[in-house]
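First up is the structure itself, then whatever we jot down about it.
The values are calculated or read from the model by the stated rules, or taken from the named source; none is laboratory data. On a predicted model such as this, the values are computed, not experimentally measured, just so you know. Reconstructed Cβ throughout: ideal geometry from the backbone, glycine too, with neighbour counts over all protein chains shown.
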Amino acid sequence: MVGVLLLLGAIAVRAGEVTYTFTSVSWVSKVEATVCDGKTDGWVSDKNASDYSAGRTDAEGRLYSAGVSVKTGTTGAGATSVQTFEEVRRVSFNFCQNSSKGRGVIYVQVGNNAPDSIIVTKPATSGAGVYNRDSVVAFTTPQTGKIRFWVKCTENAINIQSVTIRSASGGSSVFTMDTYQLVTDVAQLQDSDQVIFGVYKEGVNEIMGYYDEWESVNNIHAISGRYSADRSTVAADDRAVYTLRIAESDGRTAYIFQDELRYEEAYLVASGGKTKNRLAVWTDVVDKDTYGNYGFWDITIENGGEAVITNLGNSRSKIIQYNAQNSPTLFSCYAERSQTPVCLYRRVEALGDVAAIVAPFVNFGTTIETTGSRTIGVNANRLTADIHVSLKHGGVFKLSDEWLDRDGDRLTVSYEATPGHYVDTLVLESGSVRTEVAVLLNLQRVLRVAEAVQAEDHAVVYLNDVTVTKKYDNYIYVRDETGSMLLFDRGDGVTGKRYGADVKAGDPLSGVTGRFINYFGVPEISPTEPFRAGKNGEVLPEEAPAVIDSADVCRYLVLDSAVVEGWTEMSYKGRTYVVANKFKLPSFVQSEPMRTYVIVSYDHDAVTLYIIRQEAYPSHPQGVDTPDSNGSSAGGKARLVMKDGVVLVEAEEGVFTLQGEKVF
């Protein structure tokens, strides 16, 4: 069990601050990888607690029920630090309850000063107590002495995960080591920068490795990376570092990625020629005969960090992307922005003894949420005055505080806005030290299908509620009252499961978002996030128009008296259409009129009908004749009608579906 405990509870140590994470009921703790011994740098138990739980961390980095549990009946459990701390200004506790209960008081005392307290109440929302959170005791006048704390629990349990002490004798800055920080503007890149290729998607913790013929013949293999919770930094890894060179190609600024750590004179190139998706490392950057300037790249940065890295050579596939569908996953070049985008991290040297303020950029990304907030950690080094924070513009964005502690603090940036693209600058000042970071928001409008299909290729689209008309493999055809389109479901790239793996025809979908592309005439979205699916039963086809053309692409139609001729053609109302057996039917009924259900597609230059099924005209109630090819009854007793976009049979006895079920 000890071996497991040593791995728990990541520590934050920064200028003037030290965090102790507790690992047993007797308040044994650790700082970084060293277990405190309880004699020189640990804690001496005043009274043991009742239980200990390692807890867990979710995908967003939030802790659940981690630490030492003080339950009702163990009032007074706590400990005293071995060390004396000079000029203590803040003591914070990271703790939780259970999902819906837990009340009491956390007391803290510095030396012989009067104790202070944190009141713990029941969670305002049921279930919220399971998340760990921080509560802070701040002293107006700095205090010196050993730290003592104890917990009085009056209901259920209070679980203490860690205690953080900010003082004059605290730890050193986390920036004593170099970091790799997200590139949010091309202007940040400098010649000879060391860079790491990351993945621009939360939850995908991969980075681009190095070229090795054992691992990656025609691509660069992916390796595991360690991202910060906000993905603003990534841990250094010698297997993933490339040296950036800034050069000129055909009169324009170009970038070269050199793999000098492993191969010295070797460079990242797009080697797919006219047909392949390939990325490799070769010993030159120009191949006059075949690939052209295949070692030169153009870089643009979108959405606060998404890097579009495009090759300037002759390869058909030029854009570096992450392929989550391949097994194993990999990085390669593609002709279109069809895969998961990448990002760049550049090496930033340690601050050392320099007075500085360090804060990540605040990127709310692309969203449809009209209100939101994001909390960032503002770090500081060698400051003598507190940090004043402000926004250059304000209005849309708001700050939770005007002043932050000189040793660093947390700051919440929030917004309330209407659709649009917003940019502001967060200014942090302490004496003569000044830092600016970007605040970004791209608030999208939810689109109906008719609006979505007019989007530019590769644009991020948020789709309003739609209904599935046909599902086959990773093709999901959907519609709303304004039109129809295709969801091309590539899946999440993490679990390997497609987002719509379980949806069926008739299911309503909400929350669909992804990149749009008009794929040779077919409007489609490749979802990039999970969406919600309900259960709504049968979905009815629309009546086919007299002439089916490209405006009908992706519609689910029913054609009466359509005649299939062979496997590739069908005649309908005097016109001939291309047919494809997309849905792998075992056979077609040929050379006789049939009621035929189709999905309309558009393959490059021709309307193509994907046949879903064929059926003879259904039996109608007594006295109702079968409609002829013009939709009228031979006996005048029934006719096809369209009501609310649905084809129905109107007869003397009532109105029926095409399957003979009475509607009214």
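Structural remarks
- Every condition in (1) at pLDDT 95 or above; (2) under 30 Å from V88 (Cα atoms) holds for D401 except the one numbered (1).
- Cβ pairs under 7 Å, 6+ apart, first in region 302-315 and on the phi > 0 side of the Ramachandran plot, second among the polar types (S, T, N, Q) and outside any strand (DSSP E or B): G304/T184; G305/T184
- Residue satisfying all of: in region 466-515; out of contact with any helix residue (DSSP H, G or I) (no Cβ under 8 Å at 6 or more places or on another chain), hydrophobic (A, V, I, L, M, F, W, C) and assigned to a strand (DSSP E or B); nearest to Y322 (Cα to Cα) among these: F488
Here is a yes/no grid of residues against (1) at pLDDT below 95; (2) crowded, with 16+ Cβ neighbours inside 10 Å; (3) β-branched (V, I, T):
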residue: Q97; (1), (2), (3): yes, yes, no
residue: V108; (1), (2), (3): no, yes, yes
residue: P123; (1), (2), (3): yes, yes, no
residue: T154; (1), (2), (3): yes, no, yes
residue: Q161; (1), (2), (3): yes, yes, no
residue: T164; (1), (2), (3): yes, yes, yes
residue: V174; (1), (2), (3): yes, yes, yes
residue: T184; (1), (2), (3): yes, yes, yes
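- One residue stands out in region 580-608 among those that are in contact with a Phe, Trp or Tyr (Cβ under 7 Å, 6 or more places away or on another chain) and among the aliphatic types (A, V, I, L, M): the one that is surrounded by the fewest Cβ atoms within 10 Å (Cβ to Cβ), namely A580.
- A residue that is modelled with pLDDT of 90 or more, closer than 23 Å to G305 by Cβ and of a type in the set (G, A, S) occurs somewhere in region 416-437.
- Qualifying residue in region 315-329 (condition: part of a strand (DSSP E or B), more than 21 Å from P527 (Cβ to Cβ), at pLDDT 90 or above and touching an Asp or Glu at 6+ places or on another chain (Cβ under 8 Å)): no
- Matching residues in region 408-453 - criterion: being within 15 Å of G372 (Cα to Cα) and assigned to a loop (DSSP other than H, G, I, E, B): A417, T418, P419, Q444
- Applying the criterion of being in a strand (DSSP E or B) and not aromatic (F, W, Y) to the residues of region 101-116, the residue that is farthest from E86 (Cα to Cα) is R103.
- For Y334, the conditions (1) under 30 Å from E17 (Cα atoms); (2) at pLDDT 90 or above are fulfilled apart from (1).
- Residues within region 339-349 that are modelled with pLDDT of 90 or more and in a loop (DSSP other than H, G, I, E, B), tallied: 2
- When the residues of region 73-95 are filtered to those that are buried (at least 18 other Cβ atoms within 10 Å of the Cβ), aliphatic (A, V, I, L, M) and farther than 21 Å from S53 by Cβ, the one that is farthest from the chain's Cα centre (by Cα) is V88.
- Residue in region 472-491 that is over 21 Å from A551 (Cβ atoms), touching a Gly at 6+ places or on another chain (Cβ under 6 Å), surrounded by 14 or more Cβ atoms within 10 Å (Cβ to Cβ) and among the basic types (K, R) present: no
- Filtered residues of region 286-314 (kept if farther than 16 Å from C333 by Cα and either in a loop (DSSP other than H, G, I, E, B) or in contact with a Ser or Thr (Cβ under 7 Å, 6 or more places away or on another chain) (or both)): V286, K288, D289, T290, I301, N303, G304, G305
Condition check ((1) over 21 Å from S601 (Cα atoms); (2) touching a Pro at 6+ places or on another chain (Cβ under 8 Å); (3) at pLDDT below 95; (4) β-branched (V, I, T)) across all residues:
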{"site": "Y472", "(1), (2), (3), (4)": "no, no, yes, no"}
{"site": "L486", "(1), (2), (3), (4)": "no, yes, no, no"}
{"site": "V494", "(1), (2), (3), (4)": "yes, no, yes, yes"}
{"site": "K497", "(1), (2), (3), (4)": "yes, no, yes, no"}
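Every residue, every condition in (1) hydrophobic (A, V, I, L, M, F, W, C); (2) assigned by TED's automatic domain parsing to the domain that holds R231, yes or no:
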residue	(1), (2)
W282	yes, yes
A307	yes, yes
R316	no, yes
P328	no, yes
N363	no, no
I368	yes, no
N379	no, no
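- Being more than 29 Å from R90 (Cα to Cα), without any contact (Cβ under 8 Å) to a residue 40 or more places away in the chain and not β-branched (V, I, T) is true of D473.
- The strands (runs of 3 or more DSSP E) found wholly in region 204-275 and carrying at least 1 residues that are among the acidic types (D, E) and exposed (fewer than 15 other Cβ atoms within 10 Å of the Cβ) occupy 241-249.
- L640 vs. criteria in contact with a Ser or Thr (Cβ under 9 Å, 6 or more places away or on another chain) and modelled with pLDDT of 90 or more: no
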